Amino acid sequence: MAEIHAGQPHTLMRKFVARLRRTWRYAIRNAQFLAGRPHLHIAIFEDCPWSMPFFDWIERTHPAVYRHIRLTYATGPFTYRWPGGRGLLPWVPSPSTHQDHLPYEELLALEQIYLQHDLPVFNPISRLSHARQAIALATAQEMGLHCADYEICGPESRIEEIQALVGSPFLVRDLSEFGRPAYTIFSEAQWRTLPWHLLRQPVAYSWQDGDDLPYFALASGERLTALSRGGDGIPPTLPVDSLPLIRLQETLGLTLLAYEMSTDRQGAPVLWGVAPLPKMLEQQHELDQAALETVYQATLYALLDKLGWHYSGVSVQTSAASDRSAKALNRETE
């Protein structure tokens, strides 16, 4: 007979509770949408610690909105559009391509159902590859935006060569991790003690004339929202002209986009990195609570605006336009 260790019952109970919660969230709860209740369809790639806090926050602070959110996995029998579906948000790791371990074809087919009938798709999976750093920053430069200069580096690189390319002092960061802190390099001793084993794609950035470290800004629709940093709850000053960043978001074809940026002494934006949500929320532990609340609020209201829904704080009024599109689609699929 197998021996039961002291902590095993607690582990089994946690797994059992987690399974019950998933069954409720992704199956039983969705029965309310079978009759055609207007809803935003969230197709989630994986139920993991970084992916769910945003929806837990909506359930806790905006229950009226949560009653119009249908959560499904990205594949499976409950993934299809149901009557009442007014929009789709693929909640997947990003950026994604055909080579990633994602149900790309299934999600692409689901997106097409919504798009063909003028129902919004937020951050379409077909456009997420445009947010890869190399592509996004190249696009930004083509549009005339100032991007932070960087050079690929590694433990074998000579600091003199890096200094000649990007200046001194300079910053070393991991290009693969949006929002990770930078290491400021003033001397060869600091260069030699860098934790190279923690940096998957190390790059050296030039020190900008404005802020020494970048901050976050969230582009949602026609809004650009600065986020607090350093735990002080005080958001930085946005660039004098935010329109280029909004245009970049539109060019990349993404609805919700996070920028990592600073401003130069003339108030112009200096772009360091680009990431679509939920990529930014994968690093939400890097944000202080005030910034995280700002991200959640901006994201929620961007979704509601795009859907054309009015939220009074007590109830949600869906738009007539989205209702007509959804009803026409329902007739075609019956």
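Taking the criterion of being over 17 Å from the mean Cα position of the chain (by Cα) and not in a helix (DSSP H, G or I), the residues of segment 121-152 that qualify are 143, 144, 145, 146, 147, 148, 149, 150, 151, 152.
State all residues of segment 49-78 that are among the aromatic types (Phe, Trp, Tyr) and either over 15 Å from residue 307 (Cβ atoms) or over 21 Å from the mean Cα position of the chain (by Cα) (or both); if no residue qualifies, say none. If you could, list the steps in order and put the result at the bottom.
Narrowing segment 49-78 to residues among the aromatic types (Phe, Trp, Tyr): 50, 54-55, 57, 66, 73, 78.
Passing the criteria: 50, 54, 55, 57, 73, 78.
Checked across segment 183-206, the condition of being out of contact with any helix residue (DSSP H, G or I) (no Cβ under 6 Å at 6 or more places or on another chain), in contact (Cβ under 8 Å) with a residue 24 or more places away in the chain, exposed (fewer than 12 other Cβ atoms within 10 Å of the Cβ) and not assigned by TED's automatic domain parsing to the domain that holds residue 88 holds for at least one residue.
Residue-wise test of (1) in contact with a helix residue (DSSP H, G or I) (Cβ under 7 Å, 6 or more places away or on another chain); (2) under 23 Å from residue 123 (Cα atoms); (3) exposed (fewer than 13 other Cβ atoms within 10 Å of the Cβ); (4) not aromatic (Phe, Trp, Tyr).
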| position | (1), (2), (3), (4) |
| --- | --- |
| 26 | no, yes, no, no |
| 35 | no, no, yes, yes |
| 41 | no, yes, no, yes |
| 44 | no, yes, no, yes |
| 51 | no, yes, no, yes |
| 57 | yes, yes, no, no |
| 61 | no, no, no, yes |
| 64 | no, no, no, yes |
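Here is a check on your reading of the model: is residue 81 over 22 Å from the mean Cα position of the chain (by Cα) and either loosely packed, with under 15 Cβ neighbours inside 10 Å or in contact (Cβ under 8 Å) with a residue 12 or more places away in the chain (or both)? Spell out the reasoning first.
Values: over 22 Å from the mean Cα position of the chain (by Cα): yes; either loosely packed, with under 15 Cβ neighbours inside 10 Å or in contact (Cβ under 8 Å) with a residue 12 or more places away in the chain (or both): yes.
Yes: the conditions hold for residue 81.
The values are calculated or read from the model by the stated rules, or taken from the named source; none is laboratory data. The model shown is predicted, which means the values in this text are computed figures rather than measured ones. Reconstructed Cβ throughout: ideal geometry from the backbone, glycine too, with neighbour counts over all protein chains shown.
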